[in-house]
1. Report, as a whole number in µm² per second, the diffusion coefficient that Stokes-Einstein gives for segment A:242-303 at 37 °C and 0.692 mPa s using the Kirkwood radius over alpha carbon pairs.
2. Taking 8 Å as the Cα distance limit and 6 or more residues as the minimum spacing, I'd like the relative contact order of segment B:50-151 as a percentage.
3. Among B:Phe381, B:Asn434, B:Val391, pick out the residue whose Cα is farthest towards the positive end of the charge dipole of segment B:296-446, where Lys and Arg carry +1 and Asp and Glu carry -1 on C-beta, about the Cα centre.
4. Quick one: if the Förster radius is 60 Å, what FRET efficiency do B:Leu239 and A:Thr30 give, using the C-beta to C-beta distance and rounding to 0.05?
5. Label points 7 Å out from Cα along the Cβ direction at B:Tyr444 and B:Leu138: separation in nm?
6. Run down the lysines and flag those whose C-alpha is under 20 Å from the C-alpha of B:Lys3, throwing out any fewer than 8 positions away in its chain.
7. Measuring from label point to label point, each 7 Å out along Cα→Cβ, what is the A:Asn56 to B:Lys72 span in nm?
8. Just how large is the dipole of the protein assembly as shown about the Cα centre, in debye to the nearest 20, putting +1 at every Lys and Arg Cβ and -1 at every Asp and Glu Cβ?
Amino acid sequence: MSDDQDKAIFDRTKQSSALSILKIDGVSKTYASHTALDNVSFEIPAGCIFGLLGPNGAGKTSLIRIITQITGADTGEIYFKGERLKPGHIKDIGYLPEERGLYKKMKVGEQLLYLAQLKGLSRQDATTRLKAWISRFELKEWVGKNIEDLSKGMQQKVQFIATVLHEPALIILDEPFSGFDPINANLIKDEILSLRERGATIIFSTHRMESVEELCDNIALINRARKVLDGPVKEIKNTYKTDTFQIIGNGRLLITSPDYEVLEQHENHGTFRANVKLLNGSRPNDLLRYLIERVEIHSFVELVPSINDIFIQKVTETHHV
Amino acid sequence: MSKIWLIIQREYLTRVRKKSFIIMTLLTPVLLAAFMVLPGLLMTMSDSAETVMVLDESGLFAGKLEGKDDLKLVPLGGSLEQAKEVYRQTDNTALLYIPNITLDNPTGIKVFSKKNTSLQTKIRLENMLEKEVENQRLIASGLDREVLKNMKADISVSSVNLSDEGEKDNNAFVTSGAGIMGAFVIYFFIFLYGVQIMRGIIEEKTSRIVEVIISSVKPFQLMMGKIIGIAAVGLTQFLLWVILSFVVVSGVQAAFGIEPAPTPAQQIVSGQAAAGAEVDNETTAQEKNEASQIMTDTFNAIGNLNIPLIVGCFLFYFLGGYLLYGSLFGAIGAAVDNETDTQQFMFPITIPLIISFILSYSVVLKNPDGPVAFWMSIIPFTSPIVMMVRVPFGVPAWQLLLSMALLILGFIFTTWLAGRIYRVGILMYGKKVNYKELSKWLFYRV
């Protein structure tokens, strides 16, 4: 490819999304017997928490290994900050693989310095940064110990530090909460939020969609090597919401208006729970007003589809097509 | 490049700082020194002097048997029963009973002792008696022992190389010794450190750190870093062994003032002249001269070896052989999940090594320029060991260069092969791999 063409591509990607840190453009990957990725394209905005979601075997890890340059794509391109992905980008990417571990017989401090230096950090910088993380995670007395002498939870903390010590612009976490105990999982969640605060972009890859829904700003759904859906979580949910509200209260609920449809209703000792759908362009407040005159309301919540629901809906749709 | 350097450093430092490495490095020269010095030390301390009481009813040996410093003889009189009684009351080693025998029929001699007599004491007594009986028989037949000795011929042939550079003493024992020693060290190190590469890679696989690492460096860099780092460990250990052995052995010698026990080669050499000298203590001045002549010859022969060439070749074949086999061991480590699965792949790798070592001893040494020696010293898989045996005997330059060139090509090929297997294997878990599968990996696009 000539330099001019190169430059043209560079300019185009720059224009198309000045804010995207990663652009995946028509990436396909085939292993000996099966297709792991089939023409997958999407963009990841800078400074967001991005959920890469899909069931086991969908191709998430294959895609991540291409982004981390462990393997290469058969076709398609990946652009990092508008540049075609190259070995120099390794130092800007932190990766916590699903299959993870550390050298068991190596000391915590040495190991972290080694891994940071492999990412291209100087020894001095790595040492200074390491001190900050050590005190933050209360690992001070463990620095001189071998990894195998640490509890599982401690090891997980060390592993997380290893992923972010070189302060990468893009952090990729593959099934980050599998194997983390709830306390550490919360700790890691907080750290992830503060990393985003400092401008990092985080990619979450998981098959447990409910676990990251609350954290993610944007998502991409992958199923059977293909991208099913991507975009900001709010927009997606808005697109897929059904204007349905769950109402809990006292009294006898009887809806006669044609503007509202009762989808489901349960009664128990004078209390009721009902799912009501708005029709004919009516607003939630209209429904509230209508209800207040008839029953005593304890709770009024919009039923928003979970990402999981949307995913299942999407997948079944694509199957039928 | 700086990343591969980091990997080399880590592989080197973690191994060199291991307790097992330090202990093995320090202990081996000490053991070696003990092995060399102890026999000599023991010989000088040679068991406290023994005293043997002698009851000679024949009178043949009266005044003829002479004791030694460590084997005193005490003549006794009286009957056997009385002698036994006397012996029982002493701490003496044994009671030698010589019944009334004749020179023609010297049978019935017995040794009584409280504990079992040592074989050495028994042999010494036998020798003493034998020699005296022989002496007396010679005298009886009118021959003097001195006359007989003068008639004995003792000829040793020293071999001299007639080369273009002039005449050179050579010594087949020294030449073989130098070759086989180099070959053995190479053989030993390939195994010892090849397996370490394999273990290191299996460790990275099972501890699952490998994916973290290869998101920072290329798999090939990780593999080469490990191979080079471990090679440095091997060289360090070898150097330390050489230096420490030298220091320890000369230190012990200085402290105890003893000569080291002769090396096996020297033993064989001096053995021809000095056979039995120890026992019958008959080493005459002439024989002593001969023995020291052989020692000087040995040292001359060592001096006449082309030391720079041998050392140079040793280092080359040491590294070349290690790299060739090391990368194959590495490929095995990447292909399996744990050490128990390595057997089926280890076999074809160890076979050429073992065969070349066995044939070095049995065929190459006897005929260093024969067809077996030639071909095996050219083929890269056997050349590191076989060529090392041949080099001290002198190898035509073209053969040496061909062998070296092929070894370089050989390890470039095996590292390429190992690299292909490695990059696929390290990310492959829980899959039983066979040769068919491995050959597919070679052509995977990654």
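A short reminder: the numbers here are calculations on the coordinates, not readings from a lab. All values derive from a computational prediction rather than experimental measurement. As a convention, Cβ positions derive from the backbone with ideal geometry for all residues, glycine included, and neighbour counts pool all protein chains shown.
1. Details: Rh = 11.4 Å.
Using the Kirkwood radius from Cα pairs, D works out to 287 µm²/s.
2. Working: 118 pairs, mean separation 27.2, N = 102.
It rounds to 27 percent for segment B:50-151.
3. B:Asn434
4. On the way: r = 50 Å, r/R0 = 0.84.
In this case the efficiency is close to 0.75.
5. Calculated label separation equals 8.2 nm.
6. Here the lysines satisfying the reach criterion relative to B:Lys3 are A:Lys86, A:Lys91, A:Lys107, A:Lys119, B:Lys205, B:Lys218, B:Lys226.
7. So the two model labels end up 8.7 nm from each other.
8. Details: 78 positive and 81 negative charges, 424 e Å.
Charge dipole of the protein assembly as shown: 2040 debye, to the nearest 20.
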